[in-house]
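Chemist: Sending over a structure as structure tokens; questions will come in a sec.
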Amino acid sequence: MPKKKTGQRKKAEKQKLRQREIRNAKENIQLAQHPCNVPMECEKCHKKQKNRAFCYFCQSVQRLPTCAQCGKTKCMLKTGDCVIRHPGIYTTGLGMVGAICDFCEAWVCHGRKCLQSHACTCPLQEATCIECERAVWDHGGRIFRCSFCDSFLCEDDQFEHQASCQVLESENYKCQSCNKLGQYSCLRCKICYCEDHIRRKGFKYDKNKAIPCPKCGYETSQTKDLSMSTRSHKFGRQSQAAYDDDDGDDYGACSDYMQESYEDNYSDEDDDDYEETDDEETSEESSDDNDKNVNVKQ
């Protein structure tokens, strides 16, 4: 018979499982919950923004800076991995600061682990908005990810982009390589693939994981599970609004120009001349009719 586990053995196994869950939760944390991307309110101008070393609007230093890696505002370690030793003294403010991150523009505390790991694992290293192409230093808002294409979005364009993200670049739901119905869709490339062309030769696929896109490698989803729509074209000239293009095609301006030229050609003077000619013609016709009537009576 197997030996019964003691209470100490059971406690050690539960602790290992708990530590494993904590490690997995740290790796799968959402972008909006990272300490370098938490909301911050300036103490002087009272404007909300992303966690920064200096205020984006008034350039003032905050009284209680937040670490971009661990998220703490006060170092209470008496004996730890702090680069600056402070035995028996709790440090706050700039006494806790060790560096500024070049990617997220936030403070990093003087802990050795935070200083060594944050620069390599900063989640905002390539955080350029896919819509406006602004980086972290160009705007004061927070950074988000699109729930469909997993691209970076700024705080101004996140809702508008996600509302129009599920649109294919084709006019139908057919596969790009054949005429079969596209069962899988890539939300980053906006392309549908059938069962035959979604898989590549010589590539090993996992059973319980989504099939990656053969073009960009992003995880694909089944088209029937998504509210995907196709690209639509609106033909005809829109004379009510002006459309300024790079090629110089301005239908609205063209229609306005035609209207102005028409008004110039047919001015009020021309209308007066036209009315005078009509009056003369009518008078001449009436005189001819009278002459004819006189001849008939005679």
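The values are calculated or read from the model by the stated rules, or taken from the named source; none is laboratory data. Just so it is clear, the structure is predicted and the values come from calculations on it, not from any experiment. Every residue, glycine as well, gets a Cβ built from its backbone with ideal geometry; the counts of neighbours run over all protein chains shown.
Chemist: Residue under question is Arg85, and the condition is that it be under 25 Å from the mean Cα position of the chain (by Cα), farther than 30 Å from Tyr218 by Cβ and either at pLDDT 90 or above or of a type in the set (Lys, Arg) (or both); does it hold?
Modeler: Working: under 25 Å from the mean Cα position of the chain (by Cα): no; farther than 30 Å from Tyr218 by Cβ: yes; either at pLDDT 90 or above or of a type in the set (Lys, Arg) (or both): yes.
The answer is no for Arg85.
Chemist: It is to be established whether one or more residues within region 31-39 are assigned to a strand (DSSP E or B), modelled with pLDDT of 90 or more and touching a strand residue (DSSP E or B) at 6+ places or on another chain (Cβ under 7 Å). Let's see the steps before the verdict.
Modeler: Initially, region 31-39 is screened for residues assigned to a strand (DSSP E or B), giving 39.
Right, trim to modelled with pLDDT of 90 or more and you get 39.
Within this subset, residues satisfying the condition of being touching a strand residue (DSSP E or B) at 6+ places or on another chain (Cβ under 7 Å) are 39.
So far as region 31-39 goes, yes, one or more of its residues are assigned to a strand (DSSP E or B), modelled with pLDDT of 90 or more and touching a strand residue (DSSP E or B) at 6+ places or on another chain (Cβ under 7 Å).
Chemist: I'm trying to understand the selection: among the residues of region 198-226, which are part of a loop (DSSP other than H, G, I, E, B) and either of a type in the set (Gly, Ala, Ser) or closer than 17 Å to Asn172 by Cα (or both)?
Modeler: Of region 198-226, the ones part of a loop (DSSP other than H, G, I, E, B) are 198-211, 213-218, 220, 226.
Selection gives Gly202, Ala210, Gly217, Leu226.
Chemist: May I pose another question? Any idea which of Cys178, Cys189, Cys254 is modelled with pLDDT of 70 or more, surrounded by 13 or more Cβ atoms within 10 Å (Cβ to Cβ) and not aliphatic (A, V, I, L, M)? Give the steps one after another, and end with the answer.
Modeler: Values: Cys178 fails: surrounded by 13 or more Cβ atoms within 10 Å (Cβ to Cβ); Cys254 fails: modelled with pLDDT of 70 or more.
None of the other options fit; the residue is Cys189.
Chemist: Continuing with this model, one more query. Regarding Gln162, is this residue in a loop (DSSP other than H, G, I, E, B) and on the phi < 0 side of the Ramachandran plot? First the steps, then the outcome.
Modeler: On the way: in a loop (DSSP other than H, G, I, E, B): no; on the phi < 0 side of the Ramachandran plot: yes.
Spelling it out, it is not the case that Gln162 is in a loop (DSSP other than H, G, I, E, B) and on the phi < 0 side of the Ramachandran plot.
Chemist: Is there any pair with a first residue in region 198-209 that is under 21 Å from Cys178 (Cα atoms) and a second that is modelled with pLDDT of 75 or more and in a loop (DSSP other than H, G, I, E, B) whose Cβ atoms are under 6 Å apart and which are 6 or more apart or on different chains, and what are they?
Modeler: Taking only residues 6 or more apart or on different chains, the pairs are Ile198/Ile211; Arg200/Pro214.
Chemist: From the list Glu155, Glu131, which residue is in contact with a strand residue (DSSP E or B) (Cβ under 8 Å, 6 or more places away or on another chain), within 20 Å of Lys47 (Cα to Cα), of a type in the set (D, E, K, R) and surrounded by 13 or more Cβ atoms within 10 Å (Cβ to Cβ)?
Modeler: Values: Glu131 fails: within 20 Å of Lys47 (Cα to Cα).
Residue meeting the stated conditions: Glu155.
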